[in-house]
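FYI, it's all coordinate maths here, none of it is from the lab. Computed from a predicted model, the values in this text were never measured in an experiment. So basically every Cβ, Gly included, is an ideal-geometry build from the backbone, and we count neighbours across all protein chains shown.
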Amino acid sequence: VAKNRAKLEGRGGLQFFHQHLHDELVRQHRLAESLELALDNDELSLHYQPQVSAVSGQIENLEALLRWTPPHGQAVSPQEFIPVAERSGLIHRLGDWVMQEACRQRALWRDAGVKLERIDINFSGRQMGRHDVFERLEAYLRRYGLGPREIGIELTENVLIEADARILEGLRSLHHRGFRIAIDDFGTGYSSLSYLKQFPVTSLKIDRSFVRDAPGQPEDRAIMEAAVFIGHRLGLEVVAEGVENAEQLALVREIHCDLVQGFYFYRPMPAAAIERLLLVGVVPSLGSLLS
Ligand code: C2E
Ligand code: MG
Ligand code: MG
Ligand code: MG
């Protein structure tokens with residue numbers, strides 16, 4: 001190592017680059033290690049973000065979002081740790097934990113009489129590569145006595161496009177059994193619309209970058225309108241992600257998105273807060289948001 005370092009001495013830029021890469025790899029390795037411990041030590045939880053009807057403001061579904069807070073530490077964003085877990089292979093255990101926890105919570109809420117269509121969970125690419133991932137999902141549903149309409153899944157376009165025949169077969173069979181399957185971050189992948197006809201999906205979630213810019217940018221609005229049009233013509237439900245203000249809400253309602261998800265209505269919340277919201281009905285004046 002010392003010799004290699006010396007060799008790089010004269011080339012400041014390259015050495016800096018190598019050092020930087022090395023630091024990044026070490027950081028990722030440590031992150032993967034502590035994430036593995038986190039699984040054993042109960043440091044993970046699911047937060048839930050409501051999806052509301054664009055027409056009535058009623059909560060229909062929840063998206064489960066993974067949270068990790070190391071002890072005495074700051075929460076680490078899933079945008080940071082999910083890719084690390086994918087690279088290290090830990091994503092399989094992590095994904096299993098998410099499936100089980102979402103099913104357990106869905107069953108608890110069903111038994112408590114909470115009015116809710118379903119909980120959607122996110123699936124990453126590598127996770128789908130595991131041969132028995134769908135069987136495992138079905139096994140958790142059975143364990144908690146849930147039907148296929150009570151848990152849905154979200155996949156990005158890229159995951160769908162890279163899916164091999166076995167994964168597609170698994171998705172088709174889920175779809176056939178009544179599972180809801182959403183394309184997440186729609187419009188940001190290598191979008192070729194032709195894949196919409198061959199993939200077994202039930203919803204499009206328009207990426208929040210379009211929603212953010214649409215009120216001031218005719219191009220973003222046009223793309224959103226086209227997504228709603230094609231989605232509806234194909235019989236899909238269309239969800240607008242990342243609605244943060246009244247202007248964006250007015251727009252997504254005007255172009256007839258079916259569901260809305262975003263900080264303007266609700267942030268992702270721990271299960272206890274969701275429960276207060278859904279059971280006790282502590283609803284921040286939704287009527288006024290929609291008027
Ligand atoms: P995603 O599936 O597209 O999830 C939506 C993300 O947008 C969430 O970020 C949510 O907090 C955020 N969001 C929702 N409404 C708004 C809004 O109005 N404004 C803004 N600025 N953001 C909003 P989060 O929770 O940090 O998750 C990031 C990504 O991490 C997710 O994107 C998903 O790709 C991944 N992820 C999260 N949980 C899981 C999981 O359990 N499994 C897998 N495989 N991936 C997950
Ligand atoms: Mg998602
Ligand atoms: Mg999304
Ligand atoms: Mg995303």
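Taking only Cα atoms, what is the 0 to 90° angle, nearest 10, from helix 133-143's long axis to the longest principal axis of the chain? Rounded to the nearest ten degrees, it is 50. In this rough spin-label picture, where each label sits 7 Å from Cα along the Cβ direction, the HIS232-GLU36 distance is 5.1 nm. Among the chymotrypsin sites (Phe, Trp or Tyr not before Pro) in the stretch 177-245, those placed in a DSSP loop whose Cβ has at most 13 other Cβ atoms within 10 Å are TYR190.
Peptides 20-26, 54-60 ordered by packing proxy, namely the average of other Cβ atoms within 10 Å per residue, highest first: 54-60, 20-26.
Taking max minus min of the alpha-carbon positions on each principal axis, the stretch 177-272 gives extents of 40, 35, 22 Å, largest first. Rounded to the nearest 500, the helix-only mean residue ellipticity at 222 nm of the chain stands at -15000 deg cm²/dmol, with each DSSP H run of n ≥ 4 adding -39,500 (n - 2.57). A convex hull fitted to the Cα coordinates of the stretch 31-76 yields 89 cubic angstrom per residue.
For the stretch 212-264, trypsin sites (Lys or Arg not before Pro) are listed when DSSP marks them as loop and at most 13 other Cβ atoms sit within 10 Å of their Cβ; the list is empty. Which one of LEU31, LEU66, LEU137 has the biggest mean-square fluctuation once the chain is modelled by GNM with Cα springs under 10 Å? Largest GNM mean-square fluctuation: LEU31.
Between HIS256 and HIS22, the FRET efficiency estimated from the beta carbon spacing at R0 = 51 angstrom works out to 0.50. Ranked by the mean number of other Cβ atoms within 10 Å per residue, highest first, peptides 43-50, 238-245 order as 238-245, 43-50.
If you bin all the Cα-Cα distances of the chain at 5 Å, starting from zero, the percentages per bin are 1, 5, 11, 14, 16, 16, 14, 10, 6, 3, 2, 2, 1, 0, 0.
For the chain, the longest principal axis of the alpha carbon atoms and the long axis of helix 218-233 meet at an angle near 60°. Applying both filters, DSSP loop and at most 12 other Cβ atoms within 10 Å, to the GluC sites (Glu not before Pro) of the stretch 125-219 eliminates every site.
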